[in-house]
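J.: Below is the structure I would like to discuss, written out as structure tokens.
Throughout, read-outs are computed from the coordinates displayed, never taken from laboratory work. All values derive from a computational prediction rather than experimental measurement. We place every Cβ from the backbone using ideal geometry, glycine too, and count neighbours over all the protein chains shown.
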Amino acid sequence: MKKPLGTLYLGKGKDTIEKFVDRLENPTKLISVGDVTTFHLLEAGIIPDLCIVDDRTKRLPVSDDVSVRTKDRLYGEVLVDNPAGLITDELICAIAKAVRARTPVRIFVRGEEDLATLPVIAVAPLGTVVLYGQPDEGVVFVEVTEEKKAFILKLFEKIIPGEARNTEINHIWRILNGYIDS
């Protein structure tokens, strides 16, 4: 995830949001991954359909201001466990359900949400905009396309080891497509 999956907008805070706000006119869905990115969107009056947060930034607790703001009451909340460096079935199921929801959803991750961007892109409808923070650099803007989805599948194929690869990838896609409910 060190290499951005989309366009990196350099900067911090509201100034960064202003650089791409004109590209947010009519996405299919708007999804933010990360506390600081979500905070700055909400502060700018932009309400993501789905936000995924863990009350941490760069593995340290976020400020009280950020924590309180990302708990906006307009969101239905889902709690999931997801250890650092992993993508659990529980997280994938929560994302798949939240993307289909008609009202805003906040997924709070006990653990780490850094890799959540991958299943988000895989399951989100075409035309969705996914925003996530690139630590100490800015915000990455990803428009979900067939090409991005194919890229994520290839990435899963690279990161899932050996003999379990096909079984695990099929399992992930079954979850993402709503066939398995964790």
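J.: Starting from the Cα gyration tensor of the stretch 1-45, take the square roots of the eigenvalues, sort them a ≥ b ≥ c, and report rounded, prolate or oblate (rounded when a/c is under 1.5, otherwise prolate if a/b is larger than b/c, else oblate).
T.: Rounded is the answer for the stretch 1-45, as its axis ratio a/c remains below 1.5.
J.: Given the DSSP H assignment, sum -39500 (n - 2.57) over each helix run of at least 4 residues in the chain and divide by its residue total; what's the result at 222 nm in deg cm²/dmol, nearest 500?
T.: It comes out at -10500 deg cm²/dmol, rounded to the nearest 500.
J.: Something else: Springs between alpha-carbon atoms under 10 Å, Gaussian network over the chain: tell me which of 77, 137, 25 tops the mean-square fluctuations.
T.: Checking each option, the largest mean-square fluctuation is seen for 25.
J.: Follow-up. So how far, in whole Å, is the C-alpha centre of the stretch 23-37 from the one of the stretch 103-118?
T.: 13
J.: Now for a different question. Measure of size requested: the Rg and Dmax of the stretch 21-98, with Cα atoms as the atom set and Å as the unit; please supply both.
T.: Cα only, the stretch 21-98: 12.9, 35 Å (Rg, Dmax).
J.: Also: Please check: in the Gaussian network model of the chain (C-alpha springs, under 10 Å), which one of 124, 44, 94 has the largest mean-square fluctuation.
T.: Looking only at 124, 44, 94, the biggest GNM fluctuation is shown by 44.
J.: List the longest stretch of the chain that has no exposed loop site; here a site is one of the trypsin sites (Lys or Arg not before Pro) assigned by DSSP to anything other than H, G, I, E or B, with at most 15 other Cβ within 10 Å.
T.: Within the chain, the longest run free of exposed trypsin sites (Lys or Arg not before Pro) spans 103-182.
J.: Next question. Å³ per residue of the Cα convex hull, for the chain?
T.: Residue-normalised Cα hull volume stands at 109 Å³.
J.: While we're on this one: Of the residues 33, 53, 78, which exhibits the maximal mean-square fluctuation in a Gaussian network model of the chain defined by a 10 Å Cα contact cut-off?
T.: 78
J.: For residue 33, what residues show an amide H to amide H distance below 5 Å, using hydrogens built from the backbone and excluding near sequence neighbours?
T.: 52, 131, 132, 133
J.: Counting only DSSP beta bridges with both residues in the chain, what percent are antiparallel, rounded to the nearest 5?
T.: So the antiparallel bridges in the chain amount to around 40 percent.
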